[in-house]
Ligand SMILES: Nc1nc2c(ncn2[C@@H]2O[C@H](COP(=O)(O)OP(=O)(O)OP(=O)(O)O)[C@@H](O)[C@H]2O)c(=O)[nH]1
Ligand SMILES: [Mg+2]
């Protein structure tokens, strides 16, 4: 399979615009007994702001692919009898936690926790009605000020995709080979232990075009603390853990499984699903401990495993 360049960030560009301020009103009092009443045009209301808020009901930026323009409500115009226009409502746009907000290439906010909020476009100020211009020398001013336009901007929302699937197992069990076979990632595969030193990532695309990340976690059970640190953070977030068991390894499979499980148990999320994947089944039959038999040489079990993963993740 050819390696392909993948972006592990979901990124969308959206247009945000604060509401226009309402116009000031030009009006004079009309009363039966006063033919020429004084000015009574009210002020316009201010336009609403556009705010972003992090919401854990959202997992990705997919909704923004079809909703590009986000404009807050305009302020109401002023009216006669000194009535001021109402202020426009703010528009609150929900984004997933972990969203980075950029404008003109600069980061303006990072919304990490649910409830984190940032204004991205201010509403325009309300206009001024003619009543406000009345003075002892100007008894019948015809001056008004229109409402201001709301601030507008194109902003970029970015989020790092969460890891959905983690591949674990003893060194040299075929984890990187499995990652490549499942996702087309170009992780290095070599016939000796500890080939992979950094977590390697590959994308799994579901039928809705949503990308789920698969991560190959290097030598979890056997390695030093510092290397495990980075990897374990990824493990905690994975909803499926593929546990690779080398079918060609003569050591007792149950003992190998137990060894790796002991190493990762404190970091596994309670809700994660563990699947024991026998690898290299072209070399030996899968041990009974395995849930699925695979081989990247013959392709055995790969398409089936990929389909199962997509079904679970969708
Ligand atoms: N015959 C056969 N060999 C395989 C299969 N999968 C992996 N291998 C070989 O097993 C060796 C190790 O594969 P890797 O994918 O690098 O293993 P790993 O678990 O990522 O190893 P580390 O990164 O070192 O922990 C390589 O020589 C692979 O070619 C398979 O399905 N069949
Ligand atoms: Mg590897």
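The values are calculated or read from the model by the stated rules, or taken from the named source; none is laboratory data. Nothing here was measured: the structure is a model prediction, and the numbers come from that model. So basically every Cβ, Gly included, is an ideal-geometry build from the backbone, and we count neighbours across all protein chains shown.
What to note about this one:
- Taking region 163-191 as the range and being surrounded by fewer than 17 Cβ atoms within 10 Å (Cβ to Cβ) and more than 10 Å from ligand 2 (Cβ to nearest atom) as the test, the residues that pass are 184, 191.
- Whichever residue in region 274-285 is within 11 Å of ligand 1 (Cβ to nearest atom) and more than 34 Å from the chain's Cα centre (by Cα) and, among such residues, is surrounded by the most Cβ atoms within 10 Å (Cβ to Cβ): 281
- Of the criteria (1) within 30 Å of residue 132 (Cβ to Cβ); (2) in contact (Cβ under 8 Å) with a residue 60 or more places away in the chain, which one residue 93 fails: (1)
- Any hit, region 102-112, residues being part of a loop (DSSP other than H, G, I, E, B) and touching a residue at least 12 places away in the same chain (Cβ under 8 Å): yes
- Test result for residue 296, within 15 Å of ligand 1 (Cβ to nearest atom), in a loop (DSSP other than H, G, I, E, B), within 36 Å of the chain's Cα centre (by Cα) and surrounded by 13 or more Cβ atoms within 10 Å (Cβ to Cβ): yes
- Residue within region 70-79 that is farther than 15 Å from residue 147 by Cα and assigned to a loop (DSSP other than H, G, I, E, B) present: no
- Residue in region 191-210 that is in the same structural domain as residue 86 (by TED's automatic domain parsing), touching a residue at least 24 places away in the same chain (Cβ under 8 Å) and out of contact with any strand residue (DSSP E or B) (no Cβ under 9 Å at 6 or more places or on another chain) present: no
- Residues that are closer than 19 Å to residue 310 by Cα and crowded, with 17+ Cβ neighbours inside 10 Å within region 240-271 comprise 240, 241, 242, 243, 244, listed in sequence order.
Condition check ((1) in contact with a helix residue (DSSP H, G or I) (Cβ under 7 Å, 6 or more places away or on another chain); (2) closer than 18 Å to residue 176 by Cα) across all residues:
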site: 237; (1), (2): no, no
site: 245; (1), (2): yes, yes
site: 251; (1), (2): no, no
site: 259; (1), (2): no, no
site: 276; (1), (2): yes, yes
site: 293; (1), (2): no, yes
site: 302; (1), (2): yes, yes
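- Hey, residue 156 in the same structural domain as residue 78 (by TED's automatic domain parsing), at pLDDT 85 or above and part of a strand (DSSP E or B) or not: yes
- Within region 263-274, being outside any helix (DSSP H, G or I) and over 16 Å from residue 182 (Cβ atoms) holds for 268, 269, 270, 271, 272, 274.
- Of the residues making up region 182-200, at least one is more than 10 Å from ligand 1 (Cβ to nearest atom) and farther than 19 Å from residue 238 by Cβ.
- Pick from region 102-135, criterion buried (at least 22 other Cβ atoms within 10 Å of the Cβ) and more than 17 Å from residue 45 (Cα to Cα), ranking: modelled with the lowest pLDDT: 111
- Here residue 210 meets each of (1) crowded, with 21+ Cβ neighbours inside 10 Å; (2) within 22 Å of the chain's Cα centre (by Cα) with one exception, condition (1).
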